[in-house]
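The values are calculated or read from the model by the stated rules, or taken from the named source; none is laboratory data. These figures come from a predicted structure and were not determined experimentally. All Cβ positions, even for glycine, are placed from backbone atoms using ideal geometry, and neighbour counts span all protein chains on display. Note: accessible area is taken over every heavy atom of the protein model, side chains too, but ligands, DNA and RNA are not part of it. Shrake-Rupley method; radii C 1.70, N 1.55, O 1.52, S 1.80 Å.
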Amino acid sequence: MADPLIQKALEARKNAYSPYSKFAVGAALEAQDGTVFTGCNVENASYGLTICAERVALAKAISQGVTKFKRLAVVADYPEPVPPCGMCRQALFEFAPELELILANTKGESEKTILSKLLPNAFQLKR
Ligand code: THU
């Protein structure tokens, strides 16, 4: 039985707006208090304005005052469990370096890892 967080990411993926890439992504970000914020990718005719599913979920949480996170599930139609892009890794690292990642695909495959493993030597603002 798949993790319920993957199910939530799959549900969010249905709302993906990806007419240009035709690559739909869903994400579900679980806060420390158990609240889940979902996201899908939102593309734009001006391609560079595209925002990934993970950062949509993150921005929803932050904008509601939630800043502590436990787990993130990401799902797409991908040959292996889909890894988050570099920009999303850095954005998530800001709030949860040890975030548990559940990478999944629509074939039902999934694997777990930790954000800090996917972004070694991450940039942090130090003065
Ligand atoms: N995308 C995500 O939503 N998350 C990722 O981690 C990888 C890429 C989206 C952005 C774009 O809409 C489409 O997938 C193809 O790159």
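Computed from the Kirkwood radius of its Cα pairs, the Stokes-Einstein diffusion coefficient for the chain at 10 °C and 1.306 mPa s stands at 110 µm²/s. Here the label points at residue 116 and residue 22, each 7 Å from Cα along the C-beta direction, are separated by 4.2 nm in the simple model. Rounded to the nearest whole Hz, the Karplus-based 3J(HN,Hα) values (6.51 cos²θ - 1.76 cosθ + 1.60, θ = phi - 60°) of segment 91-104 follow the sequence 4, 6, 4, 3, 9, 8, x, 9, 4, 7, 9, 10, 8, 9, with x at glycine and proline. Net length available on complete extension from residue 100 to residue 35 is 21.9 nm, with 0.36 nm assigned per residue and the Cα-Cα distance removed.
Surface composition of the chain: carbon and sulfur make up 53 percent of the accessible area, probe 1.4 Å. Annotation: aspartates and glutamates with alpha-carbon distance below 17 angstrom to residue 70 (same-chain offsets under eight excluded): 3, 30, 33, 54, 94, 98, 100, 111. Listed cross-link partners 22/112; 14/60; 68/126; 22/126 are compared with a 29 Å cut-off, the Cα-Cα value being larger for 22/126. Note on segment 4-118: antiparallel DSSP beta bridges, both residues inside, total approximately 70 percent of the bridges counted. Shown in residue order for segment 12-17 are the 3J(HN,Hα) couplings computed by the Karplus curve 6.51 cos²θ - 1.76 cosθ + 1.60 at θ = phi - 60°: 5, 4, 4, 8, 4, 10 Hz (x for Gly and Pro).
Calculate, for the chain, the solvent-accessible area per residue in square angstrom, rolling a 1.4 angstrom probe over the heavy atoms of the protein chains. If you can, show how the numbers build up before the last one.
Working: 7230 Å² over 127 residues.
That works out to 57 Å² per residue.
Residue by residue, segment 119-127 carries 3J(HN,Hα) couplings of 9, x, 6, 5, 6, 9, 6, 10, 10 Hz when phi is fed to the Karplus relation 6.51 cos²θ - 1.76 cosθ + 1.60 (θ = phi - 60°); x denotes Gly or Pro. With R₀ fixed at 22 Å, the C-beta to C-beta distance from residue 63 to residue 7 puts the FRET efficiency at about 0.35. Restriction of the chymotrypsin sites (Phe, Trp or Tyr not before Pro) in segment 1-85 to DSSP coil positions whose beta-carbon has at most 16 other beta-carbons within 10 angstrom yields 20, 23.
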